[in-house]
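J.: Once you've had a glance at the structure underneath, I'll fire off some questions.
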Amino acid sequence: MKYFSKTLIFASFVFLVIGYSVFEFNNEKKAYDSKVENSKIFPGIKSADVKEFKYIIEKNQKSFFVKKNNKVWLLKSPLQDFADQEFIQQLLSQLLEDQVFLVSSGPLSPEKKVEYGLSQPLLTVSFKSHEGRVLDLVVGSLNTADNKVFVHKLNEDQVFVASSFWHNLADKQGYDFRRKNIYKYSGSVQKLSIFRSGAKETHLTYDSAEQQWKNDSDSSVFFTRKSMGQLVSTLESISIFRFLSEIQNKSLLNKYGLIHPLFELELKFESSNQIKNWKLTVSSEDQEKHYAIISGRPHIFQLNKKEVIKIKQHLNELQ
């Protein structure tokens with residue numbers, strides 16, 4: 001009985017020690033996490049919390065402005081287009097997770113503005129959260145000895161030393177912010193139509209009962225879901241190489257060989273219980289270049305020759 005009592009006391013002591021250690025560890029972790037969070041330029045705000053992001057390059061007044069609408073980023077300036085979702089999220093994460101160091105608090109003298117490169121700043125930057133919180137910043141034009149930059153937080157009149165990420169904003173182009181995927185839809189493809197110059201049209205329909213793709217004009221010809229999946233995967237991997245025109249008209253379509261194209265590819269797919277259509281039109285090769293348009297976007301753009309070859313290989317297998 002005495003042995004049992006000693007064992008129970010020892011076990012209780014061990015549990016107390018473990019409990020205290022866990023408690024101390026949690027407290028230390030909370031303190032560390034709080035310290036890290038408070039060392040960011042916009043504490044408490046993550047990239048997912050941002051609704052609007054804008055910055056202006058001071059020397060030429062060129063502006064970049066993106067705004068979130070129903071969880072989708074849209075580019076508003078320097079032109080209007082769908083934004084590259086992954087690029088925006090990555091950019092915002094870099095800036096908002098940056099660990100900054102406070103060097104000045106309160107009004108700045110003219111001499112201090114010169115010292116921090118804020119008398120002739122490189123950028124003005126603004127964030128706006130879904131809750132309406134606004135952060136306005138001025139990024140100085142000078143670098144520190146270790147290639148960091150000075151950032152003036154206007155809301156609180158504080159100057160921080162920050163990473164060179166902030167200076168890198170001045171090197172971005174409109175192309176960086178634009179959605180460059182030619183195909184990015186969730187949903188199951190139901191029908192594929194292929195139109196090629198000098199060849200017979202091909203229409204393939206998915207037979208859900210047999211889980212096969214069949215040629216509409218010859219039911220004895222069929223393809224596996226894998227074949228179609230490979231085509232869709234290829235389309236999803238292709239990016240616009242260069243934007244050539246923000247509009248489409250007969251003159252421009254003729255100029256880029258899109259009135260009599262090399263091929264047209266049309267997909268009908270089901271997404272959110274709705275049937276939608278997507279179409280890609282690609283020109284014949286012109287000095288090792290291929291031009292293209294897609295439904296739903298008003299642009300004319302150039303595709304990488306190697307990626308056009310990949311599409312053609314898939315179409316050859318399906319026709």
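The values are calculated or read from the model by the stated rules, or taken from the named source; none is laboratory data. Keep in mind the model is a prediction, meaning the values are calculated, not measured. Note: ideal-geometry Cβ built from the backbone for every residue, glycine included; neighbour counts use all protein chains shown.
J.: In the stretch 35-90, what residues are surrounded by 14 or more Cβ atoms within 10 Å (Cβ to Cβ), hydroxyl-bearing (Ser, Thr, Tyr) and not in a loop (DSSP other than H, G, I, E, B)?
T.: Passing the criteria: 47, 55, 77.
J.: Right, next: Give 186, 129, 193 a once-over and let me know the one that is of a type outside the set (D, E, K, R), surrounded by fewer than 18 Cβ atoms within 10 Å (Cβ to Cβ) and either farther than 30 Å from residue 295 by Cβ or modelled with pLDDT of 95 or more (or both).
T.: Answer to the selection: 129.
J.: Criterion first (exposed (fewer than 13 other Cβ atoms within 10 Å of the Cβ), of a type in the set (Gly, Ala, Ser) and either assigned by TED's automatic domain parsing to the domain that holds residue 247 or out of contact with any helix residue (DSSP H, G or I) (no Cβ under 8 Å at 6 or more places or on another chain) (or both)) does residue 105 satisfy it?
T.: yes
J.: Look through the stretch 154-173, keep the residues that are small (Gly, Ala, Ser) and under 21 Å from the mean Cα position of the chain (by Cα), and return whichever of them is farthest from residue 77 (Cα to Cα).
T.: 164
J.: Among the listed residues 104, 93, 5, identify the single one that is assigned to a helix (DSSP H, G or I), modelled with pLDDT of 60 or more and more than 26 Å from the chain's Cα centre (by Cα).
T.: That would be 5, the only listed residue that is assigned to a helix (DSSP H, G or I), modelled with pLDDT of 60 or more and more than 26 Å from the chain's Cα centre (by Cα).
J.: Could you identify the single residue in 99, 61 that is polar (S, T, N, Q), touching a residue at least 60 places away in the same chain (Cβ under 8 Å) and over 20 Å from residue 182 (Cα atoms)?
T.: 99
J.: How about the stretch 77-112: which of its residues are over 20 Å from residue 135 (Cβ atoms) and of a type outside the set (A, V, I, L, M)?
T.: Residues satisfying the conditions are 78, 80, 81, 82, 84, 85, 86, 87, 109, 110, 111, 112.
J.: Take the residues of the stretch 137-183 that are assigned to a helix (DSSP H, G or I) and among the aliphatic types (A, V, I, L, M): which is surrounded by the fewest Cβ atoms within 10 Å (Cβ to Cβ)?
T.: This residue is 170.
J.: Here's something else I'd like to know. If I go through the stretch 283-319 residue by residue, how many of them are under 19 Å from residue 193 (Cβ atoms) and more than 25 Å from the chain's Cα centre (by Cα)?
T.: 9
J.: If you go through the stretch 243-274, how many residues are assigned to a strand (DSSP E or B) and in contact with a Gly (Cβ under 9 Å, 6 or more places away or on another chain)?
T.: Number of matching residues: 5.
J.: Of the residues that make up the stretch 214-235, is at least one in a loop (DSSP other than H, G, I, E, B) and in contact with a helix residue (DSSP H, G or I) (Cβ under 6 Å, 6 or more places away or on another chain)?
T.: Taking every residue of the stretch 214-235 in turn, none turns out to be in a loop (DSSP other than H, G, I, E, B) and in contact with a helix residue (DSSP H, G or I) (Cβ under 6 Å, 6 or more places away or on another chain).
J.: Now a separate question. Just one of 113, 148 is basic (Lys, Arg) and within 32 Å of the chain's Cα centre (by Cα); which is it?
T.: 148
J.: List the pairs whose first member sits in the stretch 152-164 and is free of Cβ contacts under 8 Å to residues at least 40 places away in the same chain, whose second member is assigned to a loop (DSSP other than H, G, I, E, B) and of a type outside the set (Lys, Arg), and whose Cβ atoms are under 7 Å apart, counting only residues at least 6 apart or on separate chains?
T.: 164/147
J.: Right, something else. Failed condition for residue 189, given (1) assigned to a strand (DSSP E or B); (2) touching a Ser or Thr at 6+ places or on another chain (Cβ under 7 Å); (3) of a type in the set (A, V, I, L, M, F, W, C), with all others met?
T.: Exception for residue 189: condition (2).
J.: Considering each of 218, 157, 171 in turn, give the residue that is not assigned by TED's automatic domain parsing to the domain that holds residue 101 and not hydroxyl-bearing (Ser, Thr, Tyr).
T.: Every option except 218 fails the conditions.
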